[in-house]
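Here is the structure we will look at.
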Amino acid sequence: MSGAVLWGTLYAALLGVLFVRVRTADAPPPEPALPAPGEPIWLVHVHHALVYAVLAGAPLEAGLVGGHAAARSAGAALCALGVAGYRLAGRTLGGALSPLIEPRPGAPLVTRGPYRWLRHPMYLAQALIVLGAPLVLGCRWVLGLAVAAVAVLVARTLVEETALARRFPEYRRYAAGTKRLFPFVY
């Protein structure tokens, strides 16, 4: 098996673990999240578009211009850590998980699991994924989109924190004791 095939297989496996959801047959599907009036849906669309552009652009770049061997192992480690963190954060959120900015109606403020240490561990996980995924395939040009995706993630956290503080009176106290995105730093 050639190196490119091996890295491509690893990339596909990581995306499979990221995107494939397994639910028991008796588990009801989650209620669709509906945007609140005035919610900045454009930010959600930009965020998702950039993440998908990175994930689709990396194999496209690798196929068109080839990949560079440098940093593939580091990219795989970042991406795998991101996928694991994403799944853990999503499982911890449970029914409170929403693709939108406003919290789901009736959902509690989640402060357990990785949310004990970070207010947005799922976004940290997404940042690791979008920075690591292109490196797995040896891509360099797509990293520009990855940097833009991380910038949008940071902007989204700021908007989301306003929504969380509005919904949960205890959010400010929680926020004062936890970092936003990066442990011990921010």
Checklist entry - Can you name the residue in the range 99-113 that is within 12 Å of residue 36 (Cα to Cα) and of a type in the set (A, V, I, L, M) and, of all such residues, is surrounded by the most Cβ atoms within 10 Å (Cβ to Cβ)? => result 101
Checklist outcome for this item: Residue set 71, 89, 25, 53; condition under 21 Å from residue 115 (Cβ atoms) and either surrounded by 14 or more Cβ atoms within 10 Å (Cβ to Cβ) or out of contact with any strand residue (DSSP E or B) (no Cβ under 6 Å at 6 or more places or on another chain) (or both); output residue 89
Checklist outcome for this item: Note on the range 39-59: residues touching a residue at least 40 places away in the same chain (Cβ under 8 Å) and either out of contact with any Leu (no Cβ under 9 Å at 6 or more places or on another chain) or not in a helix (DSSP H, G or I) (or both) are 39, 40, 43, 46, 48
Checklist entry - Of these, 149, 175, 96, which one is small (Gly, Ala, Ser) and crowded, with 17+ Cβ neighbours inside 10 Å? => result 149
Next on the checklist: Can you confirm whether residue 17 is closer than 17 Å to residue 149 by Cα and at pLDDT 90 or above?
Outcome noted: no
Checklist entry - With respect to the numbered conditions (1) out of contact with any Lys or Arg (no Cβ under 8 Å at 6 or more places or on another chain); (2) closer than 24 Å to residue 40 by Cβ, which one is the sole condition not fulfilled by residue 114? => result (2)
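Of everything in the range 71-101, what is small (Gly, Ala, Ser) and not in a helix (DSSP H, G or I)? Give them in sequence order.
71, 98
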Checklist entry - If you go through the range 104-123 one residue at a time, do you hit one that is within 30 Å of residue 169 (Cα to Cα), assigned to a loop (DSSP other than H, G, I, E, B), out of contact with any Asp or Glu (no Cβ under 9 Å at 6 or more places or on another chain) and free of Cβ contacts under 8 Å to residues at least 12 places away in the same chain? => result yes
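Yes/no matrix, rows are residues, columns are (1) modelled with pLDDT under 95; (2) of a type in the set (Phe, Trp, Tyr); (3) over 14 Å from the mean Cα position of the chain (by Cα):
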site: 57; (1), (2), (3): no, no, yes
site: 67; (1), (2), (3): yes, no, yes
site: 86; (1), (2), (3): no, yes, no
site: 99; (1), (2), (3): yes, no, no
site: 121; (1), (2), (3): no, no, no
Next on the checklist: Can you say whether residue 36 is in contact (Cβ under 8 Å) with a residue 40 or more places away in the chain and of a type outside the set (S, T, N, Q), as far as the supplied structure shows?
Outcome noted: yes
Item to check | Top-ranked residue in the range 131-143 [being under 12 Å from residue 77 (Cα atoms) and among the aliphatic types (A, V, I, L, M); ranked as surrounded by the fewest Cβ atoms within 10 Å (Cβ to Cβ)] | outcome: 131
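The values are calculated or read from the model by the stated rules, or taken from the named source; none is laboratory data. None of these values were measured; they are calculated from a predicted model. Every residue, glycine among them, receives a Cβ derived from its backbone with ideal geometry; neighbour counts consider all protein chains shown.
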